[in-house]
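Below is one structure; the comments refer to it alone.
The values are calculated or read from the model by the stated rules, or taken from the named source; none is laboratory data. This is a predicted model, so every value here is computed, not measured. We place every Cβ from the backbone using ideal geometry, glycine too, and count neighbours over all the protein chains shown. With ligands, DNA and RNA removed, areas are computed over all heavy atoms of the protein, side chains included. Shrake-Rupley method; radii C 1.70, N 1.55, O 1.52, S 1.80 Å.
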Amino acid sequence: DKKRLEFRVRISRIAGLRVQSDPRLLKRIIDNLVSNAIKYTEHGGILLGVVALPRSVRIDVWDTGIGIPEGCKAKIFDEFFQVSNPGRDRAKGLGLGLSIVRLLVERLPEHRISFSSTPGAGSRFSIDIPRASEDLHQEALPDIGTSAKFNGAYMIIVDDDLRLLESLTALMT
């Protein structure tokens, strides 16, 4: 709101679909990607997209931010690296967001992160999360998320505490 950016969420064909991941680590990854998108976007907006693929689910964070120059693309997941902070001004942060993302993705089996970027036009970061095996029983996988439609907008609630999830869903509904 402060930057007057538009934030959109697009979810396609994922009803009933389950993934195999750690919900806390996955939430941290998404939080860092969205936070970076907001930080480096001055005009336009951010899109959080979720799409089902044949063997995985892809979460995309698109922005209309500053983009990443070709010479910096190999470094963006390094600790303390910031494209727009060559003078290392601590007031602009420490540049740890994407290095944390890389470390978390490395801890999660079969998860992959990728990105594409155009300087001056923005970036897209994608994380592919493996689908849960068909032979996993419904009871073995706790419900950690739900969604509801409110006046044309979606709200997604993710939590690993089923009672809290149900309470928040009831409250928001």
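Each row is one residue, and each column tells you yes or no for (1) at pLDDT 75 or above; (2) open to solvent by 70 Å² or more (accessible area, probe 1.4 Å); (3) at positive phi; (4) not in a helix (DSSP H, G or I).
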| site | (1), (2), (3), (4) |
| --- | --- |
| ILE113 | yes, no, no, yes |
| SER123 | yes, no, no, yes |
| SER126 | yes, no, no, yes |
| PRO130 | yes, no, no, yes |
| PRO142 | no, yes, no, yes |
| THR169 | no, no, no, no |
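For LYS2, indicate whether it is within 20 Å of ALA121 (Cα to Cα) and over 13 Å from the mean Cα position of the chain (by Cα). Considered against the rule, which asks whether it is within 20 Å of ALA121 (Cα to Cα) and over 13 Å from the mean Cα position of the chain (by Cα), LYS2 comes out as no.
This table checks each residue for (1) open to solvent by 50 Å² or more (accessible area, probe 1.4 Å); (2) at pLDDT below 90; (3) under 18 Å from the mean Cα position of the chain (by Cα); (4) within 25 Å of THR118 (Cβ to Cβ).
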| position | (1), (2), (3), (4) |
| --- | --- |
| LEU26 | no, no, yes, no |
| HIS43 | yes, no, no, yes |
| LEU47 | yes, no, yes, yes |
| VAL50 | no, no, yes, yes |
| VAL61 | no, no, yes, yes |
| GLY65 | no, no, yes, yes |
| GLY71 | yes, yes, no, yes |
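Report whether or not GLY152 is more than 21 Å from the chain's Cα centre (by Cα), within 28 Å of GLY65 (Cα to Cα) and modelled with pLDDT of 75 or more. No. On the given criteria, is GLY95 modelled with pLDDT of 75 or more, small (Gly, Ala, Ser), over 14 Å from the mean Cα position of the chain (by Cα) and surrounded by 15 or more Cβ atoms within 10 Å (Cβ to Cβ)? It is false that GLY95 is modelled with pLDDT of 75 or more, small (Gly, Ala, Ser), over 14 Å from the mean Cα position of the chain (by Cα) and surrounded by 15 or more Cβ atoms within 10 Å (Cβ to Cβ).
Output the residue which, of all residues in the range 1-21 that are under 30 Å from PRO109 (Cβ atoms) and exposed (fewer than 13 other Cβ atoms within 10 Å of the Cβ), is modelled with the highest pLDDT.
From the range 1-21, those under 30 Å from PRO109 (Cβ atoms) are 9-21; that's our starting set.
Imposing the further condition that a residue be exposed (fewer than 13 other Cβ atoms within 10 Å of the Cβ) reduces the set to 10, 12-13, 15-17.
Numbers: ARG10: 89, SER12: 77, ARG13: 67, ALA15: 63, GLY16: 71, LEU17: 77.
Across the range 1-21, the extreme among qualifying residues is ARG10.
Which members of the range 33-51 meet the condition of being farther than 12 Å from ILE127 by Cα and outside any loop (DSSP other than H, G, I, E, B)? Answer for the range 33-51, where residues must be farther than 12 Å from ILE127 by Cα and outside any loop (DSSP other than H, G, I, E, B): VAL34, SER35, ASN36, ALA37, ILE38, LYS39, GLY45, ILE46, LEU47.
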